[in-house]
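Below is one structure, written out as structure tokens; comments come after it.
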Amino acid sequence: MSPRWTLLLGFSGPVEPEPGMPAGPVLASLARHRPGGAAAGRAAFAEGWVVHATRDWSLAHLELAPEDAARQLLEAVAELTAVEPGFAVAHRWRYALTERPLGASHVWLAGSNIGLCGDWCLGDRAEHAYASGVALAARLRQSLRA
């Protein structure tokens, strides 16, 4: 597993351009997040962005303090938009990205009817976690019919 720095940004209004898939050594992806209200002690914002750093940048900056990671990631975001966020916080996910997936959709321990699933089975994306969970659910249903 490899790490990933993630930055959550809050804006008072819509931000252009639309977030997307940036190219470059720092930012891997940007996604719009429409917060539903105040959470975790932060004020409600009209719009938010979830910013993921690249695997290489995250590895190279693994031990940064969250404030320093936020500052550096904000510098990269500033190349895409001139709008200043009203809220910014960085979080390091030390074990975020699967380096070598299992290669199977799930693990099933037939003797105890216990299963394991997750993105690590198929890849490193949320879609992989979903597909893994669906496959394990099908296996569990099959075991309950037996």
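Of SER132, SER105, the sequence from fewest to most neighbouring Cβ atoms within 10 angstrom is SER105, SER132.
Neighbour counts of C-beta atoms inside 10 Å place VAL50, VAL15 in the sequence VAL50, VAL15, starting with the fewest. Of the residues TRP57, TRP108, the one with the fewest other Cβ atoms within 10 Å heads the list, and the complete ranking is TRP108, TRP57.
For the chain, the Kirkwood hydrodynamic radius comes to 17.2 Å, computed from all pairs of different C-alpha atoms.
With viscosity 0.692 mPa s and temperature 37 °C, the Kirkwood radius over alpha carbon pairs of the range 66-146 converts through Stokes-Einstein to a diffusion coefficient of 211 µm²/s.
Where does helix 66-78 land angle-wise versus the long Cα axis of the chain, in degrees 0 to 90, nearest 10? That helix lies at roughly 70 degrees to the long axis. Placing unit charges on the Cβ atoms only, positive for Lys and Arg and negative for Asp and Glu, gives the chain a dipole magnitude near 840 debye about its Cα centre.
Each reported figure results from applying straightforward, stated rules to the coordinates on display, with no laboratory input. The structure displayed is predicted, hence computed values, not measured ones. Note: ideal-geometry Cβ built from the backbone for every residue, glycine included; neighbour counts use all protein chains shown.
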